[in-house]
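Written out below as structure tokens is the structure these notes cover.
The values are calculated or read from the model by the stated rules, or taken from the named source; none is laboratory data. Here the structure is a predicted model, which means the values were calculated and not measured. No Cβ is skipped: glycine too gets one built from the backbone with ideal geometry, and neighbour counts run over all protein chains shown. Surface accessibility is based on the protein's heavy atoms, side chains included, excluding ligands, DNA and RNA. Shrake-Rupley method; radii C 1.70, N 1.55, O 1.52, S 1.80 Å.
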Amino acid sequence: MHSLVVFASGAGSNAAAIIDHFKKNGKARVSLIVSNKAEAGVLDIAKREEIPFLIIDRKTFGETMLIEQINDHKPSLIILAGFLWKIPETLIHAFPGKIINIHPALLPSYGGKGMYGHYVHDAVIAAKDAESGITIHYVNEHYDEGNTILQARCTIAANDTPAELAKNIHKLEHFYFPRAIEFLLEG
Ligand code: GRF
């Protein structure tokens, strides 16, 4: 069974969707959750699901110890599910072609440093775009610039608020992210 390591900084709804998807089909399991925020909701999910977790800080992030702890879980993929720090080259080089991320917009639009969460949806609504979507991509040493794995789109109604867009984006994420991971695991 494939092992997945998930990095998250926030509520963890994507982590929960991944955990639930693979609990149902048994093809993989989340063996470790890593967060940079001791109070992140994703850690409540880890505790509830009895999944080991690590809380990292700027000092330990990318250090050999962390890489060894991740390696102990022999991950097929390292999944960034709302993780707000840029991945250091040490980690990229330790897990080449194995780190993926989900971005709540159609990259390359609305990507890069500082473009996360409501900032993305605020900008899309302000631009009066007719559609938005998600991008699942490989991670390299630049924010949101790795090769695209999958994009999915949603239309935006003229009176949609950023909150309504966020809700529609989350629906896409929770449907496509686990399935994109499963597709990658089948190689
Ligand atoms: C998602 O919108 C994802 O696209 C972005 O961070 C958010 C994480 O949400 N990278 P959650 O913590 O999984 O609910």
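For a paramagnetic label modelled on Ala158 (point 7 Å from Cα along Cα→Cβ), amide N atoms under 20 Å away belong, within the stretch 96-133, to 124-132.
Scanning the chain for GluC sites (Glu not before Pro) lying in DSSP loops with no more than 10 further Cβ atoms inside 10 Å, the longest uninterrupted stretch between such sites is 51-185. Loop-located trypsin sites (Lys or Arg not before Pro) across the stretch 88-146 with a Cβ neighbour count of 10 or fewer within 10 Å are Lys113, Lys128, with loop assigned by DSSP. Annotation: per residue accessible area for the chain equals 51 Å², rounded to a whole number [probe 1.4 Å, protein chains only]. The smallest convex shape that holds all Cα atoms of the stretch 2-186, its convex hull, gives 108 Å³ per residue.
Across the stretch 14-123, Cα-Cα pairs more than 21 Å apart make up 41 percent of the total. Two decimals is fine: what is log10 I(q)/I(0) at q = 0.13 Å⁻¹ for the stretch 86-182, from a Debye sum with one equal scatterer on every Cα and no solvent? With one equal scatterer per Cα and no solvent, log10 I(q)/I(0) is -0.44.
Spin-label model, Glu89 to Gln151: label points 7 Å out along the Cα-to-beta-carbon direction sit 2.9 nm apart. Cross-link partners for Lys167 among the lysines, with Cα-Cα distance under 29 Å and sequence neighbours closer than 8 places in the same chain left out: Lys23, Lys24, Lys27, Lys37, Lys47, Lys86, Lys98, Lys113, Lys128.
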